[in-house]
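Have a look at the structure below, then the notes.
The values are calculated or read from the model by the stated rules, or taken from the named source; none is laboratory data. Being a predicted model, the structure only gives us computed values, none of them experimental. Here the Cβ is made from the backbone with ideal geometry for all residues, glycine too, and neighbour counts use every protein chain on show. For accessibility, only protein heavy atoms count, side chains too; no ligands or nucleic acids. Shrake-Rupley method; radii C 1.70, N 1.55, O 1.52, S 1.80 Å.
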Amino acid sequence: MGRKETEFNSLQPLLQIEHGGAERGDTFWLREVNLTLEPGTFMGVIGRNGAGKTTLFHMLCGLSRISQGDVRIEGISMKQEPGRCRQKMGMIFDDEYFRLDLSAKYAAKVYGKYYENYSQEAFLSYCRKFEVDIRQNVRKMSKGNYMKFQLAFALAHHPRLILMDEPEAGLDPVFRREWMNMLYDILDDSCSILFATHLTEELEQYADAVTMVSQGRQVFSLTMPEIEEQYRIVRGSKEQLDCLKKHLIGRRRMEYYEEGLCRTEGGELPAEVSQSRPALAQLMEYLDGKF
Amino acid sequence: MRENRIDSVSNIENNRRNEAGRCAGWKNFSPAKFLSTGQEMLVEIRASLYTARGRMGFVLVLAGIIWGLNEVRGREEPEPFVLAAALMWVAMGFAMLVTLENNKLLYLLPVTRKEFAAMQIRRMMWIFLMILGVMTLFLACMNLKAPLFWKNLFLKAIPFSGAMSIYTIAAIKPVKESPQTGKKIYQLSNVVIILVLVCCFLNFLVFEGFWSILDWIIAVIDYGINIFTVGYLYWKFGCADVYYDEI
């Protein structure tokens, strides 16, 4: 890549989705998604089952048709140049994409050739670091090793964006913590991560930004400080919460008090109600749940 | 000023890529790419020998070759049905040895649709050469005079190997029909594949004599159908407006 192109790319967001929508058959599965991801950012994607997270990832990597808007990776249109966009992506999926009857070493060697920046030495070095047996058949790997193999392969072609669709499902808590630490280590100014997950507690610790989808639509896409600024969990008596009615998104009655989620729009709420930062799980409950 | 300069850099870059895109179709069939696919298949075959499926494929290839050689050795007119069955084993064995890949993964690779299509055609060409090699071996072991050897090679072996290799790549997903989005996938594949196989077996099994016009007509039709099918499959892999999630 030339210096001028590097300079040009450095002015572009790493990932930009403008009014993105995806359809399967005649049905829209996702619509009006607007998302911007800057370099070096760890963004989580949350939502209930069937909310559209996997469709969003399929749209990003070209498995689903982009039927509305466009997806741009460093300014390159996914609709017009999917091959160039995929050069910049590393993909880690819970699905069986990589389940081949090949050893890890050979699978990486065969498919690495399609990436301009792929290095088999780098792959082998990451495998050593992550303790992946390169002689083992990929189809017979344990879930954890399969994930680590995919990560090693993704990193070996030096991607700018790593996509992960619920890779931690079915993994033990110790491995999940190790996995998140691994991801945090690889994150730098040149690489960003988009991570769909149900593990909201882990996201709160590691993510810089979060996007929430519900029923095929984007609810929000905000950085963690913006979430803290815009949303508040409030607790108080029924009368106190009635006074906040115009700010309340949802509320529920507890045994001795009432609790609700407020959208503050940057303004201050009355001091007499107890306020706290909402957990991502609470945001999901109030914005997408039924009470 | 700075934005203008960046725009012009972007335009130059786009023009360069558009220019490259125009001749990309031919580049996909360059000798270097062809050899690269061969190397890839070699790695795949080597790796597949460590798997039950790969070993089964290898056994089928060997059994087909041994069976076929037993049938043709020293004969002038071997039993065509037996020879066809032996060759089918060889073709099936090769297909099992070299089709370990997960099709969904291919959709995730950083290649364009046309490159993907060319990749399949290059694989087909390698399988064609392997089957043709086995058929040539069979013909060489038969007690044939030179003109009959060449006639069998050009009128029988080449179209038969072509049809078998077409069949192995026709199993790649975009060719399969989908009731969900049938209107977006062209509905010809199965008809075309059946046509190819019927015509190749007809050509292989009919042998009227050296000067028989029927032999020549069937062979010419077989060639025509094979060439049409390769073009059709390339067009379908490379130009069909279908995404993986719609298959």
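Report, by residue number, each residue of the stretch A:184-201 that is modelled with pLDDT under 85 and not in a loop (DSSP other than H, G, I, E, B).
Those that are modelled with pLDDT under 85 and not in a loop (DSSP other than H, G, I, E, B): A:Tyr184, A:Asp185, A:Ile186, A:Asp188.
For A:Gly75, only one of the following conditions fails: (1) within 12 Å of chain B (Cβ to nearest Cβ); (2) open to solvent by less than 10 Å² (accessible area, probe 1.4 Å). What is its number?
Here A:Gly75 clears every test but (2).
Any residue in the stretch A:117-131 that's in contact (Cβ under 8 Å) with a residue 24 or more places away in the chain: show its pairings with residues that are assigned to a loop (DSSP other than H, G, I, E, B) and of a type in the set (A, V, I, L, M) at Cβ separation under 7 Å, as long as the two are six or more apart or on different chains.
Every condition considered, the pairs that remain are A:Cys127/A:Ile134.
Would you check which residues across the stretch B:140-167 are in contact with a Lys or Arg (Cβ under 8 Å, 6 or more places away or on another chain) and either closer than 24 Å to B:Val61 by Cβ or hydrophobic (A, V, I, L, M, F, W, C) (or both) and list them?
B:Cys141, B:Met142
Go over the candidates B:Asn152, B:Asn143 one by one and state the one that is under 22 Å from B:Asn203 (Cα atoms) and part of a helix (DSSP H, G or I).
Of B:Asn152, B:Asn143, the one residue that is under 22 Å from B:Asn203 (Cα atoms) and part of a helix (DSSP H, G or I) is B:Asn152.
Right, A:Arg86: under 26 Å from B:Gly38 (Cα atoms), within 23 Å of the chain's Cα centre (by Cα) and basic (Lys, Arg) or not?
Working: under 26 Å from B:Gly38 (Cα atoms): yes; within 23 Å of the chain's Cα centre (by Cα): yes; basic (Lys, Arg): yes.
Yes.
Just for the stretch B:52-83: of the residues that are within 14 Å of chain A (Cβ to nearest Cβ) and crowded, with 20+ Cβ neighbours inside 10 Å, which one is nearest to B:Gly93 (Cα to Cα)?
Here the residue is B:Gly57.
With respect to A:Thr41, is the statement that it is surrounded by 18 or more Cβ atoms within 10 Å (Cβ to Cβ), at the interface with another protein chain (Cβ under 9 Å from one of its Cβ atoms) and β-branched (Val, Ile, Thr) true?
Against the criterion (surrounded by 18 or more Cβ atoms within 10 Å (Cβ to Cβ), at the interface with another protein chain (Cβ under 9 Å from one of its Cβ atoms) and β-branched (Val, Ile, Thr)), A:Thr41 does not qualify.
Suppose we filter the stretch A:135-158 for residues that are within 12 Å of chain B (Cβ to nearest Cβ) and under 22 Å from B:Arg53 (Cβ atoms); how many remain?
Residues in the stretch A:135-158 being within 12 Å of chain B (Cβ to nearest Cβ) and under 22 Å from B:Arg53 (Cβ atoms): 6 in total.
When the stretch A:81-112 is examined, which residues are found to be modelled with pLDDT of 85 or more and part of a loop (DSSP other than H, G, I, E, B)?
A:Glu81, A:Lys88
(1) open to solvent by 60 Å² or more (accessible area, probe 1.4 Å); (2) assigned to a helix (DSSP H, G or I); (3) under 24 Å from B:Phe160 (Cα atoms); (4) at pLDDT 85 or above: which one isn't true of B:Gly38, the others all being true?
(1)
Counting only residues that are closer than 20 Å to A:Thr41 by Cα, open to solvent by 20 Å² or more (accessible area, probe 1.4 Å) and in a strand (DSSP E or B), how many does the stretch A:212-232 have?
Residues in the stretch A:212-232 being closer than 20 Å to A:Thr41 by Cα, open to solvent by 20 Å² or more (accessible area, probe 1.4 Å) and in a strand (DSSP E or B): 5 in total.
If I filter the stretch A:94-132 down to residues being of a type outside the set (D, E, K, R) and in contact with a Pro (Cβ under 7 Å, 6 or more places away or on another chain), which single residue comes out as surrounded by the fewest Cβ atoms within 10 Å (Cβ to Cβ)?
A:Tyr114
Yes/no per residue for (1) open to solvent by less than 10 Å² (accessible area, probe 1.4 Å); (2) touching a residue at least 60 places away in the same chain (Cβ under 8 Å); (3) in a helix (DSSP H, G or I):
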{"site": "A:Ile134", "(1), (2), (3)": "no, no, no"}
{"site": "A:Arg139", "(1), (2), (3)": "no, no, yes"}
{"site": "A:Tyr146", "(1), (2), (3)": "yes, no, yes"}
{"site": "A:Ile162", "(1), (2), (3)": "yes, yes, no"}
{"site": "A:Arg177", "(1), (2), (3)": "no, no, yes"}
{"site": "A:Asn181", "(1), (2), (3)": "no, no, yes"}
{"site": "A:Glu204", "(1), (2), (3)": "no, yes, yes"}
{"site": "A:Gln240", "(1), (2), (3)": "no, no, yes"}
